[in-house]
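A quick write-up on the structure given underneath.
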Amino acid sequence: MEQLIAQAVHLLLALGGAYYLALWFALVVWTFQDIQTRTRSVIAQIFATLLVVLFSVPGVVLYLLMRPRETLEEQYERALEEEYLIQDLEATDRCPSCRRPVQEEFQFCPYCRTALKQLCVSCGRLLSLDWPHCPYCGAAQPSEEPEFVVRERRSPLEAVQRALGRTVPLREHRTESSLPEEPASTLPPGWSRSEARAEPETDQLPRA
């Protein structure tokens, strides 16, 4: 009887050991496959597999707590969705001032009244503000950019020297003998230019 009980115990231990080895091997394989779907890092894959190989079931619990939340496929799908959303936002026309959505045929923003497009001076179609020529009729569009006049920059010393060089001293050109000549029509008859300075005597005046 005791021999039968001992054989049954040995059989149960063998079955338990075989089940434990199968479970351990299955956990190692599952962990290795799962970590491959979640990261491309070789170091992370080796570390997760060794964790389960050394600690078995407790190692699997630790791996479940430390593994990445998303798989590589889920990350790829999420990146595609974000890219599509960004493309939709970029495709939608927005006002450059208030950043609100506007339609393509709007000439002014309905919220802040910012000019979005301009009319062609020739055919009257809506054009972008930065187009120098109309793509429909080829007419040149007026530029609204102010024309700047480039002036020569001079230092204050150069400006003073230039001003002094242009100024001619008045004393060099003035002489004591030079006086403005009076027009001939202002002299009475019989008077000469030399006698204009002195008053004539009363008996020398012409009589009427």
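Observations
- Scanning region 111-127 for residues that are surrounded by 12 or more Cβ atoms within 10 Å (Cβ to Cβ), part of a loop (DSSP other than H, G, I, E, B) and not hydroxyl-bearing (Ser, Thr, Tyr) turns up Cys112, Leu116, Cys120, Val121, Cys123, Arg125.
- Evaluating Pro96 against the criteria (1) part of a helix (DSSP H, G or I); (2) within 30 Å of Leu129 (Cα to Cα) leaves one unmet condition, (1).
- Among the residues of region 20-60, the ones that are among the small types (Gly, Ala, Ser), touching a residue at least 12 places away in the same chain (Cβ under 8 Å) and either open to solvent by 30 Å² or more (accessible area, probe 1.4 Å) or closer than 19 Å to Thr71 by Cβ (or both) come to 1 in all.
- Taken together, the criteria place Leu65 among residues that are more than 24 Å from Gln141 (Cα to Cα) and open to solvent by 90 Å² or more (accessible area, probe 1.4 Å).
The values are calculated or read from the model by the stated rules, or taken from the named source; none is laboratory data. All values derive from a computational prediction rather than experimental measurement. Heads up, the Cβs are rebuilt from the backbone with ideal geometry, glycines too, and the neighbour counts pull from every protein chain shown. Protein only, heavy atoms only, side chains kept; ligands, DNA and RNA dropped before computing areas. Shrake-Rupley method; radii C 1.70, N 1.55, O 1.52, S 1.80 Å.
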